[in-house]
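Student: My questions all concern the structure below.
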Amino acid sequence: MLAKLISDIAQSDGDHVTAIPGLTIYRRSKTTEPMHCIYGLGLGLTVQGHKRLTLGDEVFDYAPGQSLVTALDLPVTSHVTSASEEVPFLGIGLALDARMITQCAAEMQSVSTLRSVTSLAMSVVTLDDGVYSAMTRLVQLLKEPELIPMISPLIKQEIIVRLLKGEHGPCLRHLITVGSQGQQIARIIAWLKQHYAEDISMEDLANKAHMSPSTFRQHFRAVAGLSPLQYLKQLRLQGARQLMLNDNVDATNAALRVGYESASQFSREYTRLFGAPPLRDVRRVRVVG
């Protein structure tokens, strides 16, 4: 049923932004090359086809019958691994609201009293029937646009409650356990996204998290799947790539604007991440796009 609903909306390949805030539908009629991007706080469902995500050393394959939750902004490599003209890849993405998650958790005794654990801020689990039903109703709501402002927040709240009570709960707990190590790392990640171009030392970050450098590195990797330095590099390199692609900034200036002092180091690390030097990579992406 959900696949039919999505097919009717997304009749061509691409990312289809809907009238419901935060709800996007995806369609691909062929497999895709690995793409580097930042996954933010949200829920993803593969309704048809298969997709693979790589976060650091972790590989997540998810298919129909599974759901993905990302609790923090994480740099991943993403690509569709199964799709065709006859059976296209179909997916749904729903951005989640951190304040709504916190509010729901505060009202849920069973969640708020759970012991905090430091776990990866990304999880793929079997799709809960209740979440599937709620997502289906959310997509169906697109047929009644006049009701979207009143009903979509209620369905989103139901989805969040079901996620908190289900297997995704530990992943989302980074946002709701006040004073926990996971929440401290979440706070540092939010700060890094705003300040990644600045001169940053790992010692300063550890101090901001109120941890020793070794403890900070340990918990950061456990939550983000990357070391703090690897995370910072990915933010800078992806930021530079967007400057070159969207603003036609040359590689040298892009490197400086995201915090690199050495153009040669920038080129080496860029090539290592994206598989080609900056100029060649940008040309390749524009041709593919």
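The values are calculated or read from the model by the stated rules, or taken from the named source; none is laboratory data. Keep in mind the model is a prediction, meaning the values are calculated, not measured. Using ideal geometry, Cβ is built from the backbone for each residue, glycine included, and neighbour counts are taken over all protein chains shown.
Student: Could you list, in sequence order, all residues of region 216-249 that are under 16 Å from Gly182 (Cβ atoms) and touching a residue at least 12 places away in the same chain (Cβ under 8 Å)?
Tutor: Within region 216-249, Phe216, Arg217, His219, Phe220, Arg221, Ala222, Val223, Ala224, Gly225, Leu226, Pro228, Tyr231 qualify.
Student: Looking at region 205-248 only, could you name the residues that are among the β-branched types (Val, Ile, Thr) and more than 23 Å from the chain's Cα centre (by Cα)?
Tutor: The answer is Thr215, and nothing else.
Student: Just one of the numbered conditions (1) more than 21 Å from the chain's Cα centre (by Cα); (2) exposed (fewer than 15 other Cβ atoms within 10 Å of the Cβ) is not true of Met202; which one?
Tutor: In the conditions (1) more than 21 Å from the chain's Cα centre (by Cα); (2) exposed (fewer than 15 other Cβ atoms within 10 Å of the Cβ), Met202 misses (2) alone.
Student: Which pairs do you get when a residue that is under 21 Å from Pro228 (Cα atoms), found in region 41-69, comes within reach of a residue that is aromatic (Phe, Trp, Tyr) and surrounded by fewer than 22 Cβ atoms within 10 Å (Cβ to Cβ), reach meaning Cβ atoms under 7 angstrom, with the pair 6+ apart or on two chains?
Tutor: Final answer for the pair search is Leu53/Phe60.
The rows are residues; the columns are (1) over 24 Å from Leu256 (Cβ atoms); (2) touching a His at 6+ places or on another chain (Cβ under 7 Å); (3) not small (Gly, Ala, Ser).
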{"residue": "Gln181", "(1), (2), (3)": "yes, yes, yes"}
{"residue": "Ala197", "(1), (2), (3)": "no, no, no"}
{"residue": "Asp204", "(1), (2), (3)": "no, no, yes"}
{"residue": "Gln218", "(1), (2), (3)": "yes, no, yes"}
{"residue": "Gly225", "(1), (2), (3)": "yes, no, no"}
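Student: What number goes with the only condition from (1) assigned to a helix (DSSP H, G or I); (2) under 30 Å from Pro170 (Cβ atoms); (3) in contact with a helix residue (DSSP H, G or I) (Cβ under 7 Å, 6 or more places away or on another chain) that His210 does not pass?
Tutor: Condition (1) is where His210 drops out.
Student: Quick test of your reading of the structure: Tyr62 fulfils all but one of (1) modelled with pLDDT under 95; (2) surrounded by fewer than 17 Cβ atoms within 10 Å (Cβ to Cβ). Name the failing condition by number.
Tutor: (2)
Student: For the condition in contact with an Asp or Glu (Cβ under 6 Å, 6 or more places away or on another chain), modelled with pLDDT of 95 or more and not acidic (Asp, Glu), what is the one hit in Ser29, Ser67?
Tutor: One residue alone meets the criteria, Ser29.
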